[in-house]
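Derivation of every value follows stated rules applied to the coordinates shown; laboratory data play no part. These numbers were taken from a predicted model, which means no experiment stands behind them. Here the Cβ is made from the backbone with ideal geometry for all residues, glycine too, and neighbour counts use every protein chain on show.
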Amino acid sequence: MKESHEKLRMMMVTALFAALIGILAQITIPLPLVPITGQTLAVGLAATILGSRYGTSSVLLYLFIGAAGVPVFAEMSGGLAKIFGPTGGYLLSYIPTVYITGLILEKTRFTVPMAFLANIIGMLLTLIIGTVWLKYMSSLSWTVAFASGFAPFIIVGILKAFLASWLGITIRSRLATANMLPKKNATLSR
């Protein structure tokens, strides 16, 4: 019985994080090809707080909802055309990003420095996949793709990685104290 309660609780938390990604996606700073959004911050928070399994589930749910046409992507957009469009690589990159970021933390320690390192790796993964996708889907040169899909996001990405780390570990610690995380996943080291 207790295991079914834990599963239900984690399903609700996973859905909550999918909604959080959709909400933070609406915080945008428009740029010519790829806007700066709050999505990547939410993905980093999901990985840092929920780990690889539930973080990935939240991203998959978010992408499924968006692919179905619900306007949860940046600038209140949705649909398969957005996923397979020029910036779709960033959206699809959230799957390996959240998984690898969460996995790094699970294999090491849930501390702010380790979370920062894991989120930096995740940020770079998102930028690399997104930029490669942008280059091929928009028929851009590598220079233009890098200048519009990678370079403008480095400093903002570092800031978001720090915020996801600091907020994520703080929130994770409080959720663990309140017994809101699965027992095998709740070990913390600040």
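The sum of -39500 (n - 2.57) across all DSSP H runs of n ≥ 4, divided by the residue count of the chain, sets its helix-only mean residue ellipticity at 222 nm to -24000 deg cm²/dmol. For the chain, modelled as a GNM whose springs connect Cα atoms under 10 angstrom apart, the maximal fluctuation among Thr87, Thr108, Thr48 occurs at Thr108. Taking the Cα atoms of the chain, the ratio Rg/Rh between the radius of gyration and the Kirkwood radius comes to 0.99. Placing unit charges on the Cβ atoms only, positive for Lys and Arg and negative for Asp and Glu, gives the chain a dipole magnitude near 580 debye about its Cα centre. Taking one quarter of the surface of the convex hull spanned by the alpha-carbon atoms of segment 1-101 gives a direction-averaged projected area of 6.1 nm². Annotation for segment 17-126: chymotrypsin sites (Phe, Trp or Tyr not before Pro) lying in DSSP loop with at most 14 further Cβ atoms inside 10 Å of their Cβ are Phe84. By the count of neighbouring beta-carbon atoms within 10 Å, fewest first, Glu75, Glu6 end up ordered Glu75, Glu6. Computed over the chain with a Gaussian network model linking Cα atoms closer than 10 Å, the most mobile of Ala164, Ala151, Ala178 is Ala178. Just so you know, the averaged projected area of the alpha carbon convex hull for segment 19-61 sits at 3.0 nm². Against the chain, whose longest principal axis is taken from its Cα atoms, helix 2-24 shows a tilt of about 30°. GNM remark for the chain: springs join alpha carbons under 10 Å apart, and the peak mean-square fluctuation among Pro30, Pro71, Pro86 falls on Pro30. Within segment 60-115, the proportion of C-alpha pairs whose separation exceeds 18 Å stands at 42%.
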